[in-house]
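> Take a look at the following structure, please.
The values are calculated or read from the model by the stated rules, or taken from the named source; none is laboratory data. All values reported here derive from a predicted model rather than from experimental measurement. Quick reminder, even Gly has a Cβ in these numbers, built from the backbone with ideal geometry, and neighbours come from all protein chains shown. Keep in mind that these areas ignore ligands, DNA and RNA; they rest on the heavy atoms of the full protein, side chains included. Shrake-Rupley method; radii C 1.70, N 1.55, O 1.52, S 1.80 Å.
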Amino acid sequence: MTRKMSRGLRNLNPGNIRRGSFRYKGERAESSDVAFRQFESIEWGYRAMFVLLHTYAVKHGCRTLRDMINRYAPPSENNTEGYIRRVADATHLLPDEPISTTDAAVMTAVVAAMSEVENGVAAKMSDIWSGWQLFIADVS
């Protein structure tokens with residue numbers, strides 16, 4: 001049986017980041033998806049997840065998985081508590097433990113877990129690490 005590819009993976013947007021008023025690096029200029037962003041490669045999609053979570057920390061004071069995921073996947077649209085539990089279990093982080101969005105080991109694990117929640121399949125760590133390199137080059 002062939003499994004249908006998730007919308008996030010088809011869009012090269014493993015975080016299912018919604019369309020907005022600005023463009024991320026690596027985002028396609030023209031999108032065929034009316035609701036979600038599309039990227040040039042999966043690495044650019046992962047970079048966007050790192051950028052968005054880092055923005056939550058810097059601009060909105062989100063310091064924990066709970067803070068970030070409540071903003072990322074709000075209860076009005078998601079089973080946010082279930083999302084938090086799945087990411088916490090996968091990363092072995094406590095939901096209310098402070099994390100740094102510039103810690104490669106922590107954030108690649110968080111983004112891998114979030115991608116699996118969003119898409120229903122395990123993420124390829126090599127793609128996540130490539131996205132991390134694109135992200136951290138701009139932060140450093």
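> Consider residue 82 against the criteria (1) open to solvent by 60 Å² or more (accessible area, probe 1.4 Å); (2) more than 15 Å from the chain's Cα centre (by Cα): it satisfies all of them except one. Which criterion is unmet?
(1)
> For residues that are under 14 Å from the mean Cα position of the chain (by Cα) and closer than 12 Å to residue 54 by Cα, tally how many sit in segment 85-101.
Total meeting the criteria: 1.
> Tell me which residues, restricted to segment 40-67, are closer than 14 Å to residue 13 by Cα, open to solvent by less than 40 Å² (accessible area, probe 1.4 Å) and in a helix (DSSP H, G or I).
42, 45, 46, 47, 48, 49, 50, 51, 52
> Within segment 68-77, is there a residue that is open to solvent by 30 Å² or more (accessible area, probe 1.4 Å), small (Gly, Ala, Ser) and either modelled with pLDDT under 95 or farther than 23 Å from residue 9 by Cβ (or both)?
yes
> Would you confirm whether any residue within segment 5-19 is in contact with a helix residue (DSSP H, G or I) (Cβ under 6 Å, 6 or more places away or on another chain), outside any loop (DSSP other than H, G, I, E, B) and open to solvent by 10 Å² or more (accessible area, probe 1.4 Å)?
Yes; the residues of segment 5-19 include at least one that is in contact with a helix residue (DSSP H, G or I) (Cβ under 6 Å, 6 or more places away or on another chain), outside any loop (DSSP other than H, G, I, E, B) and open to solvent by 10 Å² or more (accessible area, probe 1.4 Å).
> Let me ask something else about it. How many residues are touching a Gly at 6+ places or on another chain (Cβ under 8 Å) and on the phi > 0 side of the Ramachandran plot if we restrict to segment 20-62?
Counting residues in segment 20-62 that are touching a Gly at 6+ places or on another chain (Cβ under 8 Å) and on the phi > 0 side of the Ramachandran plot gives 1.
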